[in-house]
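Trainee: Here it is, the structure in full.
The values are calculated or read from the model by the stated rules, or taken from the named source; none is laboratory data. Values in this document were obtained by computation on a predicted structure and should not be read as measured data. Heads up, the Cβs are rebuilt from the backbone with ideal geometry, glycines too, and the neighbour counts pull from every protein chain shown. Ligands, DNA and RNA are excluded from the accessible area calculation, which covers all protein heavy atoms including side chains. Shrake-Rupley method; radii C 1.70, N 1.55, O 1.52, S 1.80 Å.
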Amino acid sequence: MTFFSVIIPLYNKEREIKSTIDSVLAQSFKDFEIIIVNDGSTDGSEAVIKSINNKKIRYFSQENKGASACRNEAISKATGTHIALLDADDLWSKTYLETINRLIDSYPNENVFATAVTIETLTSTKPSTYSLNNIESGATYLLNYFEASYINTILTSSSTVLHKNVFEQIGNYDTTIKSGQDTDLWIRIGLNYNVVFINKSLVVYRYSKQSLSNRTKNVNHKPRYDAYIDMEDKNLALKKFMDLNRFSMAILSKLANDQTNFKWYEEKIDYSNLNKKQRLLLKQPSILIRLSYTIKSCFESLGIELSVFK
């Protein structure tokens, strides 16, 4: 039996997919298979895959069904004991799987493993930051997902490895969610598992204008996460995490002049879970929100990050 099944959902990534695959084939830990499911790509992605001659690659193609269905199909093909998630445009350092394997050996009773990531922007690359106090470089932690993810998520679709029984316990990706299906999965993981996290960046999360998260700005295509509302009173970390997500959705609603969705999200937020910048921003009119967003984008084009989550 294979140890790692590397799951790569593919849709129109002909320019990036080869370097992504190369970063997997270069791994120092060699007990893995690569499962690629082409979700109806309309570019030359398939030709790129077929030009790579390596027995570790198992390639499948289907009509376009969306990211969730594509990932679920890939998971159904996996023969490994552990599922390693990887987007078709991101990169692994050559010791990524070796490091995850060491974490699995060190924490035999745990099922969810992750590393830190480096985030590529339009102008630069920067290490992701997390809501962890006194975090040390290279150190390993056993974490509550919600408490560790108030600034940025410690789980991403390219830096997370799950024992296959996790999906048996919590289910697969929700195919009804068009954008944000990853966060929904992370929530279900956080409700059932701790995360073994090493603060060592072994993944490059590459920027792409064509990524689903960057293309999808319609709030109606985002999940409302209302399935978890009844759990929030008994799980304060979940409540704060959800309120920060609602804040983001409320701001997105204001940017779109969508007062109906803004009200739905805003009225469910406990303002004590927001910082001063976030509380102030929610009270601003839409025109000022759009101006702030434009200013933020201009600063980011200069390599200067502005964030209301810090």
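Trainee: Starting from residues that are farther than 12 Å from N38 by Cα and touching a strand residue (DSSP E or B) at 6+ places or on another chain (Cβ under 8 Å), keep the ones in region 62-83 and report whichever is surrounded by the most Cβ atoms within 10 Å (Cβ to Cβ).
Mentor: H82
Trainee: While we're here: Since A227 meets every condition but one in (1) free of Cβ contacts under 8 Å to residues at least 60 places away in the same chain; (2) open to solvent by 50 Å² or more (accessible area, probe 1.4 Å); (3) outside any helix (DSSP H, G or I); (4) under 29 Å from K65 (Cα atoms), which condition does it not meet?
Mentor: Only one criterion is unmet by A227, namely (3).
Trainee: Next question, about the same structure. Within region 1-36, take every residue that is open to solvent by less than 40 Å² (accessible area, probe 1.4 Å) and charged (D, E, K, R) and give me the one that is farthest from the chain's Cα centre (by Cα).
Mentor: E33
Trainee: Scan region 179-186 and give yes if some residue there is surrounded by fewer than 17 Cβ atoms within 10 Å (Cβ to Cβ) and at pLDDT below 95, otherwise no. So that I can check it myself, show each step before the final result.
Mentor: Step one: filter region 179-186 for residues surrounded by fewer than 17 Cβ atoms within 10 Å (Cβ to Cβ), giving none.
No.
Trainee: Can you name the residue in region 107-142 that is β-branched (V, I, T) and touching a strand residue (DSSP E or B) at 6+ places or on another chain (Cβ under 8 Å) and is also farthest from I154 (Cα to Cα) among such residues?
Mentor: First, the residues of region 107-142 that are β-branched (V, I, T): 112, 115, 117-119, 121, 123, 125, 129, 135, 140.
Applying the additional criterion that residues be touching a strand residue (DSSP E or B) at 6+ places or on another chain (Cβ under 8 Å) yields 112, 115, 117-119, 125, 135, 140.
Numbers: V112: 11, T115: 8, V117: 9, T118: 12, I119: 13, T125: 17, I135: 13, T140: 12 Å.
Only one residue tops the list, namely T125.
Trainee: If you don't mind, another one. For region 177-202, give me each residue that is part of a strand (DSSP E or B) and of a type outside the set (A, V, I, L, M, F, W, C).
Mentor: N199, K200, S201
Trainee: What are the residues in region 262-290 that are more than 20 Å from K222 (Cα to Cα), assigned to a loop (DSSP other than H, G, I, E, B) and not hydrophobic (A, V, I, L, M, F, W, C), if any?
Mentor: D270, N275, K283, Q284, P285
Trainee: Give region 89-122 a look and list any residue that's aliphatic (A, V, I, L, M) and either in contact with a Gly (Cβ under 8 Å, 6 or more places away or on another chain) or at pLDDT below 95 (or both), or say none. Even if it seems obvious, please write down each step before you answer.
Mentor: Of the residues in region 89-122, the ones aliphatic (A, V, I, L, M) are 91, 97, 100, 103-104, 112, 114, 116-117, 119, 122.
Once the filter is applied, which keeps residues that are aliphatic (A, V, I, L, M) and either in contact with a Gly (Cβ under 8 Å, 6 or more places away or on another chain) or at pLDDT below 95 (or both), region 89-122 yields I119, L122.
Trainee: In this structure, does F60 turn out to be more than 28 Å from T125 (Cα to Cα) and of a type in the set (F, W, Y)?
Mentor: Values: more than 28 Å from T125 (Cα to Cα): yes; of a type in the set (F, W, Y): yes.
When the stated conditions are applied, F60 passes them.
Trainee: Of the residues S51, S23, which single one is in contact with a strand residue (DSSP E or B) (Cβ under 6 Å, 6 or more places away or on another chain), at pLDDT 95 or above and of a type in the set (S, T, N, Q)?
Mentor: Working: S51 fails: in contact with a strand residue (DSSP E or B) (Cβ under 6 Å, 6 or more places away or on another chain).
Result: S23 is the single residue among S51, S23 that is in contact with a strand residue (DSSP E or B) (Cβ under 6 Å, 6 or more places away or on another chain), at pLDDT 95 or above and of a type in the set (S, T, N, Q).
Trainee: Can you tell me how many residues in region 20-47 are within 18 Å of T156 (Cβ to Cβ) and small (G, A, S)?
Mentor: Residues meeting the conditions: 1.
Trainee: What are the residues in region 133-144 that are surrounded by 15 or more Cβ atoms within 10 Å (Cβ to Cβ) and without any contact (Cβ under 8 Å) to a residue 60 or more places away in the chain, if any?
Mentor: Scanning region 133-144 gives T140, Y141, L143.
Condition check ((1) open to solvent by less than 40 Å² (accessible area, probe 1.4 Å); (2) within 23 Å of N12 (Cβ to Cβ); (3) part of a helix (DSSP H, G or I); (4) modelled with pLDDT under 95) across all residues:
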| residue | (1), (2), (3), (4) |
| --- | --- |
| I154 | yes, no, no, no |
| V161 | yes, no, no, no |
| T175 | no, yes, no, yes |
| K209 | no, yes, no, yes |
| K217 | no, yes, no, yes |
| F241 | yes, no, yes, no |
| T260 | no, no, yes, yes |
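Trainee: What residue, of D89, D43, is open to solvent by 40 Å² or more (accessible area, probe 1.4 Å), at negative phi and not in a helix (DSSP H, G or I)? Please lay out each step first, then the result.
Mentor: Numbers: D89 fails: open to solvent by 40 Å² or more (accessible area, probe 1.4 Å).
Exactly one of D89, D43 is open to solvent by 40 Å² or more (accessible area, probe 1.4 Å), at negative phi and not in a helix (DSSP H, G or I), namely D43.
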